[in-house]
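Every number in this text was worked out from the coordinates using simple rules, so none of it is lab data. Because the structure is a prediction, the values reported are computed rather than measured. Every residue, glycine among them, receives a Cβ derived from its backbone with ideal geometry; neighbour counts consider all protein chains shown.
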Amino acid sequence: MSAAPWLPTAAAEPKPNQRAAKATKATAVGPVRSNPTPAHSSKFLTLSRYAGRGQGEGSVYRATSGNITFLSSAPTSPPTSPDLFCISCGYNQHGIVSDRCPECGQSYAALPPSPVRLPWTHRRHLGLLRAYWRTAGQVIFHHEEFCHQIDTPIPLRDARLFWLFSILQAFLPILAAAILLFFYPPNHNSSQMLHSLYEPYQSIYVPIPIVIFFLLGLALFFAASTGLPSYFCHPRALPIERQNRAIALSYFASAPIGLMPIIIALLLAARPFSDFIPITMTLKFLAALLTVFMFGAWYIRTIRIVLTLSQRRRKTLTVLLLTTCWVALATICILVVPISLWYTTMLIHSLF
C-alpha cells in the first residue's frame, strides 16, 4: 500500500558504499566514532586534508549531510612582542610595568627603552666613550649576547664608525709614543729596549726615518685585518637580510684593539720611574700581560663571532683560512710594505 502524497516522506538513508565514499573526502584529526550520525545533525571537525585550499591548517568546518562548510579559523596565539632594554644600563624590561628601570632607575619618560641592546647605537644618549667601552665589553666578555643582536637591524654606517674608532684608538697612541720618542730620545739611563726602538729614527741613506714607513704599514694592517672578517659573514645559505646584519656585526669584532691606549699609557708611565726598578718592572709586566690579552681576545672573539654569525658547517676550514689571511696580511703590511717604501725612497733620493 503506497503512502499518501500529502504525508512527509522520510529521508532516504544513504547506502553503505556511498557513506564510505563520502568519508574518504574528509579525514578528521583523531579517531573516528563508530556510532552512526543522523542526517539532520551536525558536528565540527578539524580537517587537515582541506587545509591547503585557502583556509589554512587548523580551520574549523561543519559537516552536514556529507557537505563541508568553512566556519572560521581556529584561534591562534598573538605574536610575541620583542624584548625591550634599558638604554642606560641594558637591563631587560620584559614583564616590567613600572615607568622606571628597576636596575638603574632611568625614567622611561625621558629615555624610553629600545629593542636594540647594542650600546653603540645609543651613543647620542650615553656619550661616545661610554657607548664605545660598553660595546667593547659586550664583545669581549659577552659575545653570545652580542651575537643575538643579529635578530635586530644594525645600521652598517654605525658598524663602520665603530670600526674606524677602534682603528684610531689602536693607532693614535702608537703614533703619539713614536712622536714623543723622536723629540725626547733615550739617555744613558734608559733601557736597552728603548735604545733599540730609537735606532730606526737614525736613517743613513734617506732623510725620512724608516719608522714612518712602519707606522704606515701598521695602520694598513689594523684596517685590513679588522675588516677581513666581514668577507666570511655572507655565505649563500643565509638570507640576504641576515647576511647584511652579519656583515655589520663583524665590524664590532675589532673592539679588543681599543685596549691599545692603556698599554701605551703603562709603557710611558714606566719611563719616569726608570731609576725605580720594581715600579718599572711592574708597569712593563702589566703592559705585556695586557698586550697578550688584547691579541688573544681579538683572535678568539673574531673567530667565534664569524662562526656564530655565518653558521658555516666547515668550521675548521674557516678558522684555518681566516688565520692564514691574518698571517699574510701581517707579513705584507708590517714587513713588505715598509721595506718596499723605504727602498723606493732610497732609490729616488740617490737619483737626485
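Here are the numbers:
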{"quantity": "Residues of the stretch 88-137 satisfying the condition of being assigned to a helix (DSSP H, G or I), touching a helix residue (DSSP H, G or I) at 6+ places or on another chain (Cβ under 7 Å) and touching a residue at least 24 places away in the same chain (Cβ under 8 Å)", "calculated": "Pro119, Trp120, Thr121, His122, Leu126, Tyr132, Arg134, Thr135, Ala136"}
{"quantity": "Residues within the stretch 148-167 that are over 23 Å from Phe222 (Cβ atoms) and either assigned to a helix (DSSP H, G or I) or among the β-branched types (Val, Ile, Thr) (or both), tallied", "calculated": "5"}
{"quantity": "Among the candidates Ile348, Ile263, Ile332, residue that is out of contact with any His (no Cβ under 8 Å at 6 or more places or on another chain), among the β-branched types (Val, Ile, Thr) and buried (at least 19 other Cβ atoms within 10 Å of the Cβ)", "calculated": "Ile263"}
{"quantity": "Matching option when the condition is among the charged types (D, E, K, R) and over 25 Å from Ala224 (Cα atoms), among Arg304, Arg271, Arg314", "calculated": "Arg271"}
